[in-house]
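Novice: Structure incoming, see below.
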Amino acid sequence: MRLKKKTLCELLAVVGIVVVSTLPYFHDVITDQSGTREGIPIIGAEELFTDSQGKIMGFSSYRIFLYTLMIYLFAHIGFVGWMMDAKGKFYRIALAVPVILSGYTVAVILFNAKETTFNSTSTKFYITIAATIGVLAAYILDHRSKLNLKKGEGEHAGS
């Protein structure tokens, strides 16, 4: 039973990696140059996301919106996966910076904030600086506590 569960988990991981790796091409499956492809169920997403100027979530077409969203989602999932896989590695905390930035960009796209100050270069720069300082502070504090812990263990061993 345990082997079956492990095999199922491994299979799901492989399928998940394959699905995530196809996200940048997802727009080609759903749309072509003229719009939604024939045979794709019309669920109303394109109309739901279209504003009064005919833009879809601030993009000129549904195809470009899907492409941009899926590229950023692909990167975000990749960074999150790498961060999860890096447990116990010294650089894991540094992966928080690209996870935060890619997640922020996905949120900007999904909340249609592309043409607001949330998407300005200065805002992204300040978020990068704040995330980097936070990561450095967390690393220094964690490293200091580990050094103090080792120092305390050394003193007890010498007693």
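Novice: Among (1) farther than 25 Å from residue 19 by Cα; (2) hydroxyl-bearing (Ser, Thr, Tyr); (3) over 17 Å from the mean Cα position of the chain (by Cα), which single condition is residue 36 missing?
Specialist: Condition (1) is where residue 36 drops out.
Novice: Enumerate the helices (runs of 4 or more DSSP H) found wholly within the stretch 39-130, keeping only those where 3 or more residues are in contact with an Asp or Glu (Cβ under 9 Å, 6 or more places away or on another chain).
Specialist: Per the criteria, 62-85.
Novice: Return a yes/no flag: does the stretch 61-70 have any residue that is within 30 Å of residue 13 (Cβ to Cβ), free of Cβ contacts under 8 Å to residues at least 60 places away in the same chain and among the polar types (S, T, N, Q).
Specialist: Checked against the condition, which is being within 30 Å of residue 13 (Cβ to Cβ), free of Cβ contacts under 8 Å to residues at least 60 places away in the same chain and among the polar types (S, T, N, Q), the stretch 61-70 yields at least one hit.
Novice: Just give me the residues in the stretch 31-66 being touching a Lys or Arg at 6+ places or on another chain (Cβ under 8 Å) and surrounded by 16 or more Cβ atoms within 10 Å (Cβ to Cβ), in sequence order.
Specialist: 31, 57, 58, 59
Novice: Next question. For residue 4, indicate whether it is more than 18 Å from the chain's Cα centre (by Cα) and over 23 Å from residue 112 (Cα atoms).
Specialist: Taking the combined requirement at face value, the residue satisfies it.
Novice: Something else now. Pick from 75, 113, 107: which is closer than 27 Å to residue 62 by Cβ, of a type in the set (A, V, I, L, M, F, W, C) and over 16 Å from the mean Cα position of the chain (by Cα)?
Specialist: 113
Novice: Select from the stretch 18-44 the residues that are farther than 13 Å from residue 67 by Cβ and in contact (Cβ under 8 Å) with a residue 24 or more places away in the chain and list them in ascending order.
Specialist: Within the stretch 18-44, 20, 21, 35, 36 meet the criteria.
Novice: Restricting attention to the stretch 94-109, does a residue exist that is closer than 24 Å to residue 21 by Cβ and touching a strand residue (DSSP E or B) at 6+ places or on another chain (Cβ under 9 Å)?
Specialist: yes
Novice: Working only within the stretch 39-72, note down all residues that are at pLDDT below 80 and among the charged types (D, E, K, R).
Specialist: 46
Novice: Scan the stretch 11-38 for residues that are in a helix (DSSP H, G or I) and in contact with a helix residue (DSSP H, G or I) (Cβ under 6 Å, 6 or more places away or on another chain) and jot them down.
Specialist: Within the stretch 11-38, 20, 23, 24, 26, 27 qualify.
Novice: Now for a separate question. For residue 90, only one of the following conditions fails: (1) modelled with pLDDT under 90; (2) farther than 30 Å from residue 134 by Cβ; (3) touching a helix residue (DSSP H, G or I) at 6+ places or on another chain (Cβ under 9 Å). What is its number?
Specialist: Looking at each condition in turn, residue 90 falls short on (2).
The values are calculated or read from the model by the stated rules, or taken from the named source; none is laboratory data. On a predicted model such as this, the values are computed, not experimentally measured, just so you know. Glycine also receives a Cβ, built like all others from the backbone with ideal geometry; neighbour counts cover every protein chain displayed.
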